[in-house]
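Structure record follows, encoded as structure tokens.
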Amino acid sequence: MEFTAEELWSRVLESVRSQIQKQTYRTWLADTSAQGLTDTELIVEVASQFHVEWIGDKYGRVLAESTEVILGRPVQLQFQSRSTSAPLPTLAPSPPEEPSLFSHQNLESREGESALNDRYLFSRFVVGNDNQLASAACKAVAANPSRMYNPLFLYGGVGLGKTHLMHAIGNEALAQNRLAKVSYVTTEQFTNDLIVAIQEGTTARFRARYRAKDILLVDDVQFLKGKERTQEEFFHTFNTLYDAKKQIVLTSDRAPKEIPGLEERLVSRFAWGLVTDIKPPDYETRLAILKKKSEDQGLDLDDQVRDFVARSCTSSIRELEGALIKLMAFSSISKMDITVELARAALRGTFGYGPGSAGGLLTPERIREVVALRWRVSEEALVSKRRSKNLTIPRQVAMYLIKTLLDYPLVSIGNVFGGRDHSTVIHSIRRVEETIEVDATFRRIVEALEEELGEH
């Protein structure tokens, strides 16, 4: 349906009128009028420059969202002053804080719509061989949203810095343009917001909110699997933003094609831009991270301690951070300086030390050994090409545990089992994941193995 500027603005005002106080509406919006409508913007005339700034700041978002819902596409609201000399409005007494424009709280972060963590900056991210491409791509996206890589899809194991980079994009973009509409959301929060919207009959508002962003940052999209309605909504949100040349950044624990239960149309769209992985940090990067993190904490670590921790904690940045916290706590409680001996004592039983690893680092070979013992088969049989059921199940479990506990690349896991290709490894991991969800006995066996291997 086509609208004139006046018709569109009249409908927008009618839509928002019920969402704000009557006195507020009369003071700020009742005397506004639409002056023009193009493909990209709606020009609205207001009483004064003061009105321009106040309306834009306080009600710009809800007005833009309502406009998009009614018009069926996003447009930029452009407020202009009718007179630069108009008197300031007389405000009626009102409560200290304006009530929420939305009936449900899930749709808005109380600390700001972006929900960004301002500690996650590019300057605090340590770049190494394992994350160099991902870091460069994120900086390029932050500098020129939607012009370089759209969407940008980052994948890798837990604790490798995906979320840090995603927040850094948002923070850098806002530093360059404070008016940019940037929003960070987890897939879980997106799903929860949708559920609330369905329950309250506010799906139009839900769609308008997510589809009016300049940069949408969505974490952990692997949790879209099996959620048909959420995938449907996300598909249309993705299309709207992409067609409007808005930036989309996504993260997952695996590549799009490896996410089970994800609709093919989403898999295809996720791969339209740049898909890049983040691998576990190498030794040199781990040392650099330890140096940076310890300096941030005011912790003085000598080279020998850093070397020991870097060699002990190999899987993720989060693991390194956990090790530093443990060292500080251990040192404080024992009132001892941090030495290699203290570090060895502090980290024993975690990060690959303890009964499951026979006092050494947890390795794929150790996992393979423990699983073989549990099923009473030989390691040689697990590595062989035989496909009998008594070998297939423990082999799949071992692959799953190596991926879960060590976050080894798929190709490397395949090499541990006689050079099997990555598709076999993917199938094995998915099979274990599916069985865990439906078989309680099997799940307890896997959990017991994780505990034995030192999972914490």
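The values are calculated or read from the model by the stated rules, or taken from the named source; none is laboratory data. Since the model is a prediction, treat every value here as computed from it, not as a measurement. Here Cβ is always computed from backbone atoms with ideal geometry, including for glycine, and neighbour counts include all displayed protein chains.
Might you check whether a residue that is surrounded by 17 or more Cβ atoms within 10 Å (Cβ to Cβ), modelled with pLDDT of 80 or more and closer than 15 Å to Arg209 by Cα occurs anywhere in region 16-31? Within region 16-31, one or more residues are surrounded by 17 or more Cβ atoms within 10 Å (Cβ to Cβ), modelled with pLDDT of 80 or more and closer than 15 Å to Arg209 by Cα.
Within the option set Arg318, Arg286, being in a helix (DSSP H, G or I), surrounded by fewer than 19 Cβ atoms within 10 Å (Cβ to Cβ) and either under 25 Å from the mean Cα position of the chain (by Cα) or modelled with pLDDT of 80 or more (or both) holds for one residue only, Arg318. Arg376 falls short on exactly one of the conditions (1) closer than 30 Å to Thr163 by Cα; (2) at pLDDT 80 or above; (3) among the basic types (Lys, Arg), and that condition is (1).
Kindly indicate which of Thr230, Thr240 is in contact (Cβ under 8 Å) with a residue 40 or more places away in the chain, closer than 26 Å to Leu174 by Cβ and not hydrophobic (A, V, I, L, M, F, W, C). Break it down stepwise before answering.
On the way: Thr230 fails: closer than 26 Å to Leu174 by Cβ.
Sole residue among the options that is in contact (Cβ under 8 Å) with a residue 40 or more places away in the chain, closer than 26 Å to Leu174 by Cβ and not hydrophobic (A, V, I, L, M, F, W, C): Thr240.
Flag: Asn117 does not match the condition of being in the same structural domain as Glu200 (by TED's automatic domain parsing), of a type in the set (S, T, N, Q) and modelled with pLDDT of 80 or more.
Arg395 meets each of the listed conditions (1) over 20 Å from Glu258 (Cβ atoms); (2) buried (at least 17 other Cβ atoms within 10 Å of the Cβ); (3) among the basic types (Lys, Arg) apart from (1).
Restricting the first member to region 50-79 and to residues that are over 18 Å from Glu14 (Cβ atoms) and free of Cβ contacts under 8 Å to residues at least 40 places away in the same chain, and the second to residues that are aliphatic (A, V, I, L, M) and surrounded by fewer than 16 Cβ atoms within 10 Å (Cβ to Cβ), the beta-carbon pairs closer than 7 Å and six or more apart or on different chains are Phe50/Leu88.
Apart from one condition, Ala310 fits all of (1) surrounded by fewer than 20 Cβ atoms within 10 Å (Cβ to Cβ); (2) assigned to a helix (DSSP H, G or I); the exception is (1).
Screening Asn239 with (1) at pLDDT 90 or above; (2) crowded, with 22+ Cβ neighbours inside 10 Å gives one miss only, at (2). For region 160-215, the helices (runs of 4 or more DSSP H) that sit wholly inside it and include 1 or more residues that are surrounded by 20 or more Cβ atoms within 10 Å (Cβ to Cβ) and without any contact (Cβ under 8 Å) to a residue 40 or more places away in the chain are 187-200, 203-211. For Pro87, the conditions (1) modelled with pLDDT under 85; (2) touching a helix residue (DSSP H, G or I) at 6+ places or on another chain (Cβ under 6 Å) are fulfilled apart from (2). Residues in region 289-305 that are at pLDDT 85 or above and crowded, with 20+ Cβ neighbours inside 10 Å: Ile289, Leu290, Val305.
Within region 264-278, identify whether any single residue is basic (Lys, Arg), assigned to a helix (DSSP H, G or I) and not assigned by TED's automatic domain parsing to the domain that holds Val221, and answer yes or no. No.
Per-residue answers, yes or no, for (1) under 18 Å from Arg254 (Cβ atoms); (2) surrounded by 14 or more Cβ atoms within 10 Å (Cβ to Cβ); (3) free of Cβ contacts under 8 Å to residues at least 60 places away in the same chain; (4) assigned by TED's automatic domain parsing to the domain that holds Val158:
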| position | (1), (2), (3), (4) |
| --- | --- |
| Leu382 | no, yes, yes, no |
| Met399 | yes, yes, yes, no |
| Asp407 | yes, yes, no, no |
| Val411 | yes, no, yes, no |
| Ser423 | yes, no, yes, no |
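Return yes when Gln231 is crowded, with 16+ Cβ neighbours inside 10 Å and within 15 Å of the chain's Cα centre (by Cα) and no when it is not. Can you show your working first?
Numbers: crowded, with 16+ Cβ neighbours inside 10 Å: yes; within 15 Å of the chain's Cα centre (by Cα): no.
Against the criterion (crowded, with 16+ Cβ neighbours inside 10 Å and within 15 Å of the chain's Cα centre (by Cα)), Gln231 does not qualify.
Restricting region 340-360 to residues that are part of a loop (DSSP other than H, G, I, E, B) and buried (at least 16 other Cβ atoms within 10 Å of the Cβ) leaves a set whose member that is modelled with the highest pLDDT is Thr350.
Regarding Lys225, is this residue in contact with a helix residue (DSSP H, G or I) (Cβ under 7 Å, 6 or more places away or on another chain) and surrounded by 14 or more Cβ atoms within 10 Å (Cβ to Cβ)? Can you show your working first?
Working: in contact with a helix residue (DSSP H, G or I) (Cβ under 7 Å, 6 or more places away or on another chain): no; surrounded by 14 or more Cβ atoms within 10 Å (Cβ to Cβ): yes.
No, not satisfied.
Look at (1) at pLDDT 90 or above; (2) within 17 Å of the chain's Cα centre (by Cα); (3) not in a helix (DSSP H, G or I) and you find that Lys245 fails only one, number (2).
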